[in-house]
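Peer 1: Structure below; questions to follow.
The values are calculated or read from the model by the stated rules, or taken from the named source; none is laboratory data. Worth saying up front: this structure is predicted, and the values here are computed from it rather than measured. So basically every Cβ, Gly included, is an ideal-geometry build from the backbone, and we count neighbours across all protein chains shown. SASA here: full protein model, heavy atoms, side chains in, ligands and nucleic acids out. Shrake-Rupley method; radii C 1.70, N 1.55, O 1.52, S 1.80 Å.
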Amino acid sequence: MIRGGFFLVVISACFSITVSSVINFKHNAEDTPVKGRTWDQAIAMAKSFVGNLTLDEKCSMTAGIGGPCAGNVLSVQRLNFNGMCFQDSPSGVGDGVLQSTAFAAGIQIAATWDRDLFYQRGAAIGKEFRGKGVHFALGPMMNIDRNARHGRNWEGFGSDPYLSGENAFGYIQGLQDQGVVGTAKHYICNEQETNRNPGFLARKNKPNPNVNVAYSANLDDKTIHEIYLWPFASSVAAGVGSFMCSYNQVNGTPACQNDRTQNQLLKGELEYHGNIMSDWGATKSGVPSALGGLDIEMPGGDGLMGSSLVQAVKSGAITETRIDDMVTRVLTPYYLLEQDQSYPSLDLDRDAVGDNYKINRQVAAAGMILLKNTNNVLPFNVTKDKNYFIYGSGGQSDDGLGSGGWNGHPGALYQGGGSGFVDPTYGIDPLTSLMEKTREAHLQIRYVLSHTDYGAINGSFNMRGFNTAKCLVFITAFSSEGYDRSDLQPSENANQLVQTVASHCTNTVVIVNSVSQLNLEAWIDLPNVVGVIWTGMPGTEYGPALVDILFGDYNPGGKLVFTLAKNDADFGTDISPTMTSTYSEGVFLDYRHFDQNSITPRYYFGYGLSYTTFSFSKLDISKINNKNNPIALQYWARRTRSYSNFGTAGLYEPVYGVTFTVTNTGKVAGSEVPQLYLSFPAEAQEPPKVLRGFERVYLGAGESKQVTLVLTQKDISYWNTANQKWTVASGDYTVRISTSANNADVKLQSSFHE
Ligand code: NOJ
């Protein structure tokens, strides 16, 4: 199935675009129910609706009410408005509903580095939300992987702001093309769970009103603009309808009543016209929050906003104009995406999965990363490699009830835990898929999944056929919303398991099923560990996707979306155990920090191997001087929707086209991800290099393709704290086309002058 899909992609690319400018998201106009309203049109419609509401009704719409969804907005039957439903999660319709697809998680789609898949996964998720009649999806989640131990890294898109922003952009367009409002969360600097909301009863999703203060993320103006705000800005540009403010404080003020982040940065500087809803229980006050930019409190019911604002209007504590603005913002996305016209009725358990298992399987495979492949042990050759020994509880689902929820447990993991988790309708674990492969290809499989039964494990080493066998060791690392990981080690003492197997099996391949960063040092250099596949959080098609990779039916091409350090301390950032988390590293995060401090990691950000090889040639950088430049035209054609919001500052105008050729020099079809790293003139005070472009390029054996990456005005600018503007630095910029953040992987290099 996947193999067919893979060839299809390659063939259509060969025929349709011999010289392809793979700049951005493909968009199939027939496949969207949204015909296209602009923000101006939607705002006018929302205003006119608000004009017919009483003060009581208006105030009541500034907080959620009880109802079937995670969040519910008041209906006004006399105006034929049936209310709105807000539902988790970023990776499918969640909160325990039936009949929805548990998609490969955010961290997995990011690892594909494939813009088309970003879009297609978003569209598939959108179809399910729409199919169930949900109005707002509570995603995407784009908090930066600043802290490797953060329990929610699996929901997000990794450690780089540009990569996260492009993910958010593709997801939002996919989702909103289906008429479902996206919610960019958690705004902003929610990079840890520890002390995010002391006293919050996470499992019950209820705030404890007696405990009011969360930790404060403290950071400077340059850092917030260049790192943490970046993906949220990309979301605004994509046209996202909703934002969710976070539990934490930012520079000493709760995020949900933070005038600086909400009014000045988001609604002012980014010209955002949609609403801000609070995270569940993140509202710490009524009027100060409303004045600080919060438009709707979720889940409501605690008397802080909603009808209690009526009295505040009457007393003059808040103006009715601001209440009108709040409700207009709440309703604008509903009109923007035409939810007033024949939107499906709400039925959370309605079967809307369609054939989404196909895209889910594709994303799962595309996001798996080949980290080590000594002497090309992979892919296995079914005519020669007949015997397999399987170890580790991660090879099989632990129970039939799901694989995550709030608590970790043994077994194959499809997603992490918390509100991001989607109850799977099924899950195909690796062992099940390996059994099918065994039957089909006449292999032989023996397995011991226990991590403690060393009698059985050691016994397996004496079994017939072991000497020539391939050994697969499945290890996992789980995390969840609500708490952070205690360390970066795998569950259940799995390092000992890998070491034991590798001390007997000369062909040990480790399968790492992990939420985010993991420390591999206990075994990565062992000579018998000849292969490592990072399977991430692959969703319910885990088994089929992995088996396709193991046996060469899918050629891996995923790339790391964070650095894997040799020592945990090398990251230079970690969860704060106190009520203050100071982002003292500034813009020197992840690979930017490793570069700056000349620290060699185990595996670089952007790294991942393939079963084939590639060469790069003919780098050309051209300045884009006018709007009719073909590169600019194609860029805008692919990125623009009626609901886009690129702002008025021209920051997203393409200014350079960076063109080069990639050739598959091997014998099998495969893909590579050329990554554009930019080095700024000294004036910008930037890290040694920053990611500013990428494209996953699929090539048949021997095939070449021309690729054009676009640099926008914003991409070549730094945040100038003095004049409060994105500013182009004067001097030479170096452009490197590389296959990871390792300078040894740079394939082409040139420069331009500003
Ligand atoms: C709290 C989580 O932080 C957020 O991501 C989620 O959308 C809400 N709960 C609603 O479940």
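Peer 1: Tell me which residues, restricted to region 133-145, are buried (at least 24 other Cβ atoms within 10 Å of the Cβ) and more than 11 Å from the ligand (Cβ to nearest atom).
Peer 2: Looking only at region 133-145, we keep the residues that are buried (at least 24 other Cβ atoms within 10 Å of the Cβ), and these are 134-145.
If the condition is that a residue be buried (at least 24 other Cβ atoms within 10 Å of the Cβ) and more than 11 Å from the ligand (Cβ to nearest atom), then Val134, His135, Met142, Ile144, Asp145 are the ones that fit.
Condition check ((1) open to solvent by less than 50 Å² (accessible area, probe 1.4 Å); (2) within 16 Å of the ligand (Cβ to nearest atom); (3) in a helix (DSSP H, G or I); (4) in contact with a Gly (Cβ under 8 Å, 6 or more places away or on another chain)) across all residues:
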{"site": "Pro33", "(1), (2), (3), (4)": "yes, no, no, yes"}
{"site": "Gly36", "(1), (2), (3), (4)": "yes, no, no, no"}
{"site": "Asp40", "(1), (2), (3), (4)": "no, no, yes, no"}
{"site": "Met45", "(1), (2), (3), (4)": "no, no, yes, no"}
{"site": "Asn52", "(1), (2), (3), (4)": "no, no, no, no"}
{"site": "Lys58", "(1), (2), (3), (4)": "yes, no, yes, no"}
{"site": "Cys69", "(1), (2), (3), (4)": "yes, yes, no, no"}
{"site": "Asn72", "(1), (2), (3), (4)": "yes, yes, no, yes"}
{"site": "Cys85", "(1), (2), (3), (4)": "yes, yes, no, yes"}
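Peer 1: Tell me, yes or no, whether region 494-509 has at least one residue that is crowded, with 20+ Cβ neighbours inside 10 Å, part of a loop (DSSP other than H, G, I, E, B) and over 29 Å from the mean Cα position of the chain (by Cα). Break it down into steps so the answer makes sense when it comes.
Peer 2: Quick first cut of region 494-509, residues crowded, with 20+ Cβ neighbours inside 10 Å only: 494, 497-498, 501-502, 505, 507-509.
Next, only the ones that are part of a loop (DSSP other than H, G, I, E, B) stay: 505, 507.
Subsequent filtering for residues that are over 29 Å from the mean Cα position of the chain (by Cα) retains 505, 507.
Taking every residue of region 494-509 in turn, at least one turns out to be crowded, with 20+ Cβ neighbours inside 10 Å, part of a loop (DSSP other than H, G, I, E, B) and over 29 Å from the mean Cα position of the chain (by Cα).
Peer 1: State all residues of region 520-533 that are open to solvent by 10 Å² or more (accessible area, probe 1.4 Å) and out of contact with any Lys or Arg (no Cβ under 8 Å at 6 or more places or on another chain); if no residue qualifies, say none. Before you say what the answer is, go through the steps one by one.
Peer 2: At the first step, the residues of region 520-533 found to be open to solvent by 10 Å² or more (accessible area, probe 1.4 Å) are 521-522, 525-528, 530.
Selection gives Ala522, Asp525, Leu526, Pro527, Asn528.
Peer 1: Considering region 696-736 alone, what residues qualify as being aromatic (Phe, Trp, Tyr) and without any contact (Cβ under 8 Å) to a residue 60 or more places away in the chain? Show your work before the answer.
Peer 2: Within region 696-736, the subset aromatic (Phe, Trp, Tyr) is 698, 718-719, 726, 733.
Matches in region 696-736: Tyr733 only.
Residues checked against (1) under 18 Å from Ile144 (Cα atoms); (2) among the basic types (Lys, Arg); (3) touching a Lys or Arg at 6+ places or on another chain (Cβ under 7 Å):
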site: Gly558; (1), (2), (3): no, no, no
site: Pro577; (1), (2), (3): no, no, no
site: Thr582; (1), (2), (3): yes, no, no
site: Glu585; (1), (2), (3): yes, no, no
site: Lys618; (1), (2), (3): no, yes, no
site: Asn626; (1), (2), (3): no, no, no
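Peer 1: Residues of region 249-261 being free of Cβ contacts under 8 Å to residues at least 60 places away in the same chain and either closer than 24 Å to Leu331 by Cβ or assigned to a loop (DSSP other than H, G, I, E, B) (or both), which ones? Outline the logic, then answer.
Peer 2: Going residue by residue through region 249-261, those that are free of Cβ contacts under 8 Å to residues at least 60 places away in the same chain are 249, 251-254, 256-260.
Of everything in region 249-261, those that are free of Cβ contacts under 8 Å to residues at least 60 places away in the same chain and either closer than 24 Å to Leu331 by Cβ or assigned to a loop (DSSP other than H, G, I, E, B) (or both) turn out to be Asn251, Gly252, Cys256, Gln257, Asn258, Asp259.
Peer 1: Of all residues being among the hydroxyl-bearing types (Ser, Thr, Tyr) and outside any loop (DSSP other than H, G, I, E, B) in region 300-328, which is most open to solvent (accessible area, probe 1.4 Å)? Just the residue, please. Spell out the reasoning first.
Peer 2: If we filter region 300-328 for residues that are among the hydroxyl-bearing types (Ser, Thr, Tyr), which is where we start, we get 307-308, 315, 319, 321, 328.
With outside any loop (DSSP other than H, G, I, E, B) added as a condition, the list becomes 308, 315, 321, 328.
Working: Ser308: 49, Ser315: 82, Thr321: 104, Thr328: 14 Å².
Only one residue tops the list, namely Thr321.
Peer 1: Condition first: assigned to a strand (DSSP E or B) and either aliphatic (A, V, I, L, M) or open to solvent by 40 Å² or more (accessible area, probe 1.4 Å) (or both). Now tell me which residues in region 466-480 satisfy that.
Peer 2: Leu472, Val473, Ile475, Ala477
Peer 1: Another question about this same structure. Any idea which of Gly411, Gly416, Gly482 is within 20 Å of the chain's Cα centre (by Cα) and at positive phi?
Peer 2: Working: Gly411 fails: within 20 Å of the chain's Cα centre (by Cα); Gly416 fails: at positive phi.
So the residue among Gly411, Gly416, Gly482 that is within 20 Å of the chain's Cα centre (by Cα) and at positive phi is Gly482.
Peer 1: Please determine, by comparing only the residues of region 737-754 that are over 17 Å from Phe594 (Cβ atoms) and out of contact with any Asp or Glu (no Cβ under 6 Å at 6 or more places or on another chain), which one is surrounded by the most Cβ atoms within 10 Å (Cβ to Cβ). Full working, then the answer.
Peer 2: Taking region 737-754 and keeping what is over 17 Å from Phe594 (Cβ atoms), we get 737, 747-754.
From what is left, the residues that are out of contact with any Asp or Glu (no Cβ under 6 Å at 6 or more places or on another chain) are 737, 747-750, 752, 754.
Working: Ile737: 23, Lys747: 18, Leu748: 19, Gln749: 13, Ser750: 14, Phe752: 17, Glu754: 15.
Among those that are over 17 Å from Phe594 (Cβ atoms) and out of contact with any Asp or Glu (no Cβ under 6 Å at 6 or more places or on another chain), it is Ile737.
Peer 1: Say we look at region 481-493 and pick out the residues that are open to solvent by 20 Å² or more (accessible area, probe 1.4 Å) and in contact (Cβ under 8 Å) with a residue 60 or more places away in the chain; which of these is nearest to the ligand (Cβ to nearest atom)? Give the derivation first.
Peer 2: As a first pass, look at region 481-493 and keep what is open to solvent by 20 Å² or more (accessible area, probe 1.4 Å): 482-484, 486-487, 489, 491-493.
Checking which are in contact (Cβ under 8 Å) with a residue 60 or more places away in the chain leaves us with 482-484, 486-487, 491-492.
Working: Gly482: 9, Tyr483: 12, Asp484: 14, Ser486: 20, Asp487: 23, Ser491: 23, Glu492: 28 Å.
The residue in question is Gly482.
Peer 1: Residue check: is Thr613 of a type in the set (Ser, Thr, Tyr) and within 30 Å of Ile549 (Cα to Cα)?
Peer 2: Working: of a type in the set (Ser, Thr, Tyr): yes; within 30 Å of Ile549 (Cα to Cα): yes.
Spelling it out, Thr613 is indeed of a type in the set (Ser, Thr, Tyr) and within 30 Å of Ile549 (Cα to Cα).
Peer 1: For residues that are surrounded by 23 or more Cβ atoms within 10 Å (Cβ to Cβ), within 11 Å of the ligand (Cβ to nearest atom) and not charged (D, E, K, R), tally how many sit in region 87-99.
Peer 2: Residues that pass the stated criteria total 4.
Peer 1: Let me ask something additional. I'd like to check which strands (runs of 3 or more DSSP E) are fully inside region 362-465 and have at least 1 residues that are among the hydroxyl-bearing types (Ser, Thr, Tyr) and away from the ligand (no atom under 16 Å from the Cβ).
Peer 2: Working: elements: 369-373, 387-391, 444-448.
Because the criterion is at least 1 residues that are among the hydroxyl-bearing types (Ser, Thr, Tyr) and away from the ligand (no atom under 16 Å from the Cβ), the strands (runs of 3 or more DSSP E) in region 362-465 that meet it are 387-391, 444-448.
Peer 1: Which residue, of Asn275, Asn248, Asn263, is touching an Asp or Glu at 6+ places or on another chain (Cβ under 9 Å), within 27 Å of Thr38 (Cα to Cα), modelled with pLDDT of 95 or more and not acidic (Asp, Glu)?
Peer 2: Details: Asn248 fails: within 27 Å of Thr38 (Cα to Cα); Asn263 fails: touching an Asp or Glu at 6+ places or on another chain (Cβ under 9 Å).
None of the others qualify; the one that does is Asn275.
Peer 1: I'd like to know if region 113-128 contains one or more residues that are under 19 Å from Ser242 (Cα atoms), out of contact with any Lys or Arg (no Cβ under 6 Å at 6 or more places or on another chain) and within 12 Å of the ligand (Cβ to nearest atom).
Peer 2: No, because not a single residue in region 113-128 is under 19 Å from Ser242 (Cα atoms), out of contact with any Lys or Arg (no Cβ under 6 Å at 6 or more places or on another chain) and within 12 Å of the ligand (Cβ to nearest atom).
Peer 1: Now for a different question. Looking only at region 536-585, which residues are open to solvent by less than 10 Å² (accessible area, probe 1.4 Å), farther than 25 Å from Asp525 by Cα and of a type in the set (Gly, Ala, Ser)?
Peer 2: Gly539, Gly543, Ala545, Ser581 - these are the residues of region 536-585 that are open to solvent by less than 10 Å² (accessible area, probe 1.4 Å), farther than 25 Å from Asp525 by Cα and of a type in the set (Gly, Ala, Ser).
Peer 1: I've got another one for you. Select from region 288-326 the residues that are within 20 Å of Ala70 (Cβ to Cβ) and in contact with a Lys or Arg (Cβ under 7 Å, 6 or more places away or on another chain) and list them in ascending order.
Peer 2: The one that is within 20 Å of Ala70 (Cβ to Cβ) and in contact with a Lys or Arg (Cβ under 7 Å, 6 or more places away or on another chain): Asp295.
Peer 1: Yes or no: Leu378 within 29 Å of the chain's Cα centre (by Cα) and within 24 Å of Asp88 (Cα to Cα)? Quick ask: steps written out before the conclusion?
Peer 2: Details: within 29 Å of the chain's Cα centre (by Cα): yes; within 24 Å of Asp88 (Cα to Cα): no.
Judged against the criteria, Leu378 is not a match.
Peer 1: So how many residues does region 269-301 have that are more than 17 Å from Ala312 (Cα to Cα) and away from the ligand (no atom under 15 Å from the Cβ)?
Peer 2: So the count comes out to 6.
Peer 1: Which of the strands (runs of 3 or more DSSP E) found entirely inside region 604-707 contain at least 1 residues meeting this: under 23 Å from the mean Cα position of the chain (by Cα)?
Peer 2: 670-672, 675-679, 690-694, 697-699
Peer 1: Right, here's the next one. Can you tell which of Leu265, Leu219, Leu229 is away from the ligand (no atom under 15 Å from the Cβ), among the aliphatic types (A, V, I, L, M) and farther than 26 Å from Ser89 by Cα? Walk me through how you get there before you give the answer.
Peer 2: Details: Leu265 fails: farther than 26 Å from Ser89 by Cα; Leu229 fails: farther than 26 Å from Ser89 by Cα.
Unique residue meeting the criteria: Leu219.
Peer 1: If you don't mind, there's one more thing I want to ask. Within region 139-160, work out how many residues are in a helix (DSSP H, G or I) and touching a Pro at 6+ places or on another chain (Cβ under 6 Å).
Peer 2: In the first step, residues of region 139-160 are kept if they are in a helix (DSSP H, G or I); the result is 153-155.
Still in the running and touching a Pro at 6+ places or on another chain (Cβ under 6 Å): 155.
Summing the residues that are in a helix (DSSP H, G or I) and touching a Pro at 6+ places or on another chain (Cβ under 6 Å) in region 139-160 gives 1.
Peer 1: Of the residues Gln257, Gln249, only one is within 16 Å of the ligand (Cβ to nearest atom), open to solvent by 20 Å² or more (accessible area, probe 1.4 Å) and farther than 19 Å from Gly182 by Cα; which?
Peer 2: Working: Gln257 fails: within 16 Å of the ligand (Cβ to nearest atom).
Within the list Gln257, Gln249, the selection yields Gln249.
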